[in-house]
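**Q** Submitted below is the structure of interest, expressed as C-alpha cells.
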Amino acid sequence: MIPLSWYLALAAALFCVGVYGVLARKNAVAILMGVELMINAVNINLVAFWHYRTPLAVSGMTFALIVFAVAAAEAAVGLALIISIYRRRQTVVAEDVNMMKF
Amino acid sequence: MTLLQIIFLLTAAVILAAAVQVVTTRNLVHAALWLIVTLFGMAVLFVLLEAGFLAVVQVVVYIGAIAILIIFAIMLTRRVMQDTGSQTNRYWPVALVIAVLLLVGIGVTVVRAGLREDPPAAVPLDNLRTLGLYLTSTEFYVVPLVVVGALLAVGMIGSIAIARDERQE
C-alpha cells in the first residue's frame, strides 16, 4: 500500500515548484504554466484524500472535476489576456505590463 | 517495497523532474513539452488512486486542451522573447526562498497533523455510475455542475471577446 503521506509530500513539492515558477518567471505564459502545476498539485491532494478517507462517497471526485473545469476556464481567459496584451503592446513580459501598478 | 510503491516512486520522480524543467528551461516550447510529461505523470497517479475516470479527464482536458492552448500561445508570442536573455526576473532568489519556506511549512503542518496511515476501503466498482447520478441529482451536486458549466461558458465567451482583434473590423 502507498502511504497517504507520500501523495501529500509529492503534492507539496509540486506546489512549491509551481510557486517558484509563478514568482520567478518573466514570460506570462510561463507564469500560467506554473499556475497549472499548482492546480495539479491541489488536485492530487483532493483525489488522494478521497481515496484514503471517503472512497465510498463521490464528493472528492466531484471536487476534482470542478477543479478541472475551473482550470480550463482559467487557462482560456489567461491566454486570451496574454494574446490581447501581445497585440497591443508587443510584449509578453509580465514586468512590462505595469500601467496599473501603484 | 511493493510493486505499487515502486511505480509511485518512479512516477513521482518523473513528475518532479519534469516540473523543475517546466520552471527552469529557457526554451518555452520545451517547457510546455515538459508540462505535458508532468500532466501524464499525474494521470498515472490518478490510476494508482483508482480514479480511472479522472485519469481520462486529465489526458483529454489537460493534455488535449490546456497544453495545446499553451503551446499555441507560446508560438503566437514567440517572436518577442526569442529565448534570449534571462527568463527569470531579478527577484528569482527571493522566489526560491519563498518556495522552499512554503515547502518546509507544508511539511511541518503535515507531520504535526499526525495522519492515520490505515489502508483505505475498496473503491466500489460502480462509483462512476454513482458520480453521474450524484452530479445530475437535485439533492446533491446539480447546482455546482450548472454553476461550473456557466463559468466555462462565460470563460469561453470572455476569452473570445478579449482575444479578438478589433483593428480588423
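**Q** State yes or no: is residue B:22 facing another protein chain (nearest Cβ under 10 Å) and either under 22 Å from residue A:74 (Cα atoms) or under 21 Å from the mean Cα position of the chain (by Cα) (or both)?
**A** Answer is yes for this residue.
**Q** What about residue B:97, is it surrounded by fewer than 19 Cβ atoms within 10 Å (Cβ to Cβ) and either farther than 30 Å from residue B:122 by Cα or in contact with a helix residue (DSSP H, G or I) (Cβ under 9 Å, 6 or more places away or on another chain) (or both)?
**A** yes
**Q** In region B:133-152, which residue that is more than 9 Å from chain A (Cβ to nearest Cβ) and part of a helix (DSSP H, G or I) is surrounded by the most Cβ atoms within 10 Å (Cβ to Cβ)?
**A** So, considering only residues that are more than 9 Å from chain A (Cβ to nearest Cβ) and part of a helix (DSSP H, G or I), the one surrounded by the most Cβ atoms within 10 Å (Cβ to Cβ) is B:142.
**Q** Let me ask something else about it. So which residues in region A:3-18 are free of Cβ contacts under 8 Å to residues at least 24 places away in the same chain and surrounded by 23 or more Cβ atoms within 10 Å (Cβ to Cβ)?
**A** Matches in region A:3-18: A:16, A:17, A:18.
**Q** Identify, from the list A:48, A:80, A:69, the residue that is at the interface with another protein chain (Cβ under 7 Å from one of its Cβ atoms), touching a helix residue (DSSP H, G or I) at 6+ places or on another chain (Cβ under 6 Å) and touching a residue at least 24 places away in the same chain (Cβ under 8 Å).
**A** Values: A:80 fails: touching a residue at least 24 places away in the same chain (Cβ under 8 Å); A:69 fails: touching a residue at least 24 places away in the same chain (Cβ under 8 Å).
Step by step, each of A:48, A:80, A:69 is checked, and only A:48 is at the interface with another protein chain (Cβ under 7 Å from one of its Cβ atoms), touching a helix residue (DSSP H, G or I) at 6+ places or on another chain (Cβ under 6 Å) and touching a residue at least 24 places away in the same chain (Cβ under 8 Å).
**Q** Checking the condition more than 7 Å from chain B (Cβ to nearest Cβ), closer than 26 Å to residue B:144 by Cα and either out of contact with any helix residue (DSSP H, G or I) (no Cβ under 8 Å at 6 or more places or on another chain) or not small (Gly, Ala, Ser) (or both), which residue from A:58, A:42 passes?
**A** A:42
**Q** Which pairs have Cβ atoms under 8 Å, sit 6 or more apart or on different chains, and link a residue in region A:21-36 that is at the interface with chain B (Cβ under 7 Å from one of its Cβ atoms) and closer than 13 Å to residue B:99 by Cα to one that is surrounded by 24 or more Cβ atoms within 10 Å (Cβ to Cβ) and of a type in the set (Phe, Trp, Tyr)?
**A** Between residues of region A:21-36 that are at the interface with chain B (Cβ under 7 Å from one of its Cβ atoms) and closer than 13 Å to residue B:99 by Cα and residues that are surrounded by 24 or more Cβ atoms within 10 Å (Cβ to Cβ) and of a type in the set (Phe, Trp, Tyr), the close pairs are A:34/A:20.
Computed from the coordinates by the stated procedures, all read-outs in this text should not be read as laboratory data. Here the structure is a predicted model, which means the values were calculated and not measured. Here Cβ is always computed from backbone atoms with ideal geometry, including for glycine, and neighbour counts include all displayed protein chains.
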